[in-house]
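What follows is a set of notes on a single structure, which appears directly below.
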Amino acid sequence: MTTRNYFALLRGINVGGRNMIPMADLKKLFEENGFTNVSTYLQSGNVVFQSDFSNGKEIEILLKQSIHEVFKLQLDVIVKPADVLTELILHNPFKEQIKLEGDKTGVAFLSDIPTMASFEKLQQFDRLSDEYEIFQDYVYVYCPNGFGRARITNAVLESKLKVRSTIRNWKTIQALQNICSR
């Protein structure tokens, strides 16, 4: 079996005093499930790890079940191969905005590739000055008024695209890529 590098993004933990999971406990949960070289980034559910699994969807199912059993929480978990981060950085359509306003750019990680009909619903949405570019099962976002005032949110993406979503800012994307490349 080949060991692969992955990252997992848990949605909605340690926000506003809800869904609290200490990162040391989350790391331990990953290790108890057989994952190795586990690292967490920040307190918001970003985990880099290695696994012999060849399918991220299988890992998602395992992690959701384990998190529910151990922490009694129903959380969305999106798992992707680590090489995705390099591709996302290379293909970012908002490179100029990142130079000036890196804190206003990010990527929404989608659970699946949305249908064309879903894309059309998102295109009809009044996003005001927010910009986005869809690339496979990712949505690059640029929110010139900041993420706190963004119109392109997880709720909007999930409603229009009919998939699960979790957004990470550009600084987090770069940090995860750095951790994965160690």
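Classify region 84-180 as rounded, prolate or oblate from the Cα gyration tensor: take a ≥ b ≥ c as the square roots of its eigenvalues, call it rounded if a/c is under 1.5, otherwise prolate when a/b beats b/c and oblate if not. Note, shape of region 84-180 comes out oblate. Cross-linked pairs Lys27/Lys162; Lys27/Lys57; Lys95/Lys162; Lys72/Lys171: Cα-Cα separations exceed 23 Å for Lys27/Lys162; Lys95/Lys162; Lys72/Lys171. Angle between the Cα long axis of helix 170-180 and the longest principal axis of the chain, 0 to 90 degrees, nearest 10? Long axis of 170-180 versus the principal axis of the chain: about 30 degrees. Evaluating 6.51 cos²θ - 1.76 cosθ + 1.60 at θ = phi - 60° for every residue in region 137-142, the Karplus couplings come out as 10, 9, 10, 6, 10, 10 Hz, glycine and proline recorded as x.
Computed on the chain, with alpha-carbon pairs under 8 angstrom and 6+ residues apart, the relative contact order is 23 percent.
Each label point was placed 7 Å from the Cα along the Cα-to-Cβ direction; for Asp126 and Asn145 their separation is 1.1 nm.
Where does the Debye-calculated log10 I(q)/I(0) of region 32-134 sit at q = 0.14, 0.18, 0.24, 0.25 Å⁻¹, using only Cα point scatterers of equal weight, no solvent? Summing over Cα pairs of region 32-134 leads to -0.77, -1.12, -1.39, -1.44. Taking the Cα centre of the chain as origin, sum charge times position over the Cβ atoms of Lys and Arg (+1) and Asp and Glu (-1), and report the length of that vector in debye to the nearest 20. Roughly 360 debye, rounded to the nearest 20.
Measuring max minus min along each principal axis, the C-alpha atoms of the chain give extents of 45, 32, 32 Å (largest first).
Placing a pseudo-label 7 Å from each Cα along the Cα-to-Cβ vector at Lys57 and Lys27 gives an inter-label distance of 3.2 nm. Distances between placed amide hydrogens fall under 5 Å for Asp76 paired with Arg11, all partners being 5 or more residues away or on another chain.
Read-outs throughout are calculated quantities, based only on the coordinates presented, and are distinct from any laboratory measurement. Source: prediction; values computed, not measured. Every residue, glycine as well, gets a Cβ built from its backbone with ideal geometry; the counts of neighbours run over all protein chains shown.
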